[in-house]
């Protein structure tokens with residue numbers, strides 16, 4: 001997380017902290033929050049980086065690991081595309097990204113590669129309303145991904161006593 005304080009001399013916010021980020025990796029996502037503290041404007045930025053092109057994501061000011069880190073390398077680009085779509089769509093709608101899909105749901109989409117609304121609704125937390133509003137877009141993002149890339153459900157319970 002980076003907090004920038006309004007600079008009267010610049011009549012804006014200094015870019016120094018942002019320019020230093022360029023050497024730390026590719027910028028994947030920025031969330032901004034403008035606020036005034038003690039009469040002085042501030043701009044708080046939560047920044048998600050791709051460290052030096054390695055595909056290893058690191059969030060400044062973010063707690064906990066990204067559940068997408070557990071995905072196989074071959075599925076990582078799909079996960080990043082889904083996150084990018086979700087974040088852009090959330091920004092347009094003026095809602096937090098997690099209001100559309102949580103990261104854990106995006107991971108499950110990557111694991112299962114649903115090809116229908118019914119299959120999408122099988123993922124925990126994705127119901128009728130979410131499918132009606134975003135399902136067609138999600139399925140279109142998955143349309144070109146071969147089913148062989150699917151890595152299955154994250155944790156499928158083992159059958160008890162050999163009965164499924």
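What follows is calculated from the coordinates using simple rules that are stated; it is not laboratory data. Here the structure is a predicted model, which is why all the values come from computation and not from measurement. Quick reminder, even Gly has a Cβ in these numbers, built from the backbone with ideal geometry, and neighbours come from all protein chains shown.
Taking 0.36 nm per residue of separation and subtracting the Cα-Cα distance, what length does fully extending residue 5 through residue 84 add? Don't skip to the end; give the middle numbers.
Details: separation 79, 0.36 × 79 = 28.44 nm, distance 2.79 nm.
Gain in length upon complete extension: 25.7 nm.
Length gained on full extension, residue 42 to residue 141: 32.0 nm, using 0.36 nm per residue less the C-alpha separation.
Averaged over residues, the count of other Cβ atoms within 10 Å places the peptides 1-12, 135-146 in the sequence 135-146, 1-12, highest first.
Would you work out if the range 65-153 is rounded, prolate or oblate? Take a ≥ b ≥ c from the square roots of the eigenvalues of the alpha-carbon gyration tensor; rounded if a/c is under 1.5, else prolate when a/b is larger than b/c, oblate otherwise. Oblate shape, in that a/c is at least 1.5 and b/c is the bigger or equal ratio.
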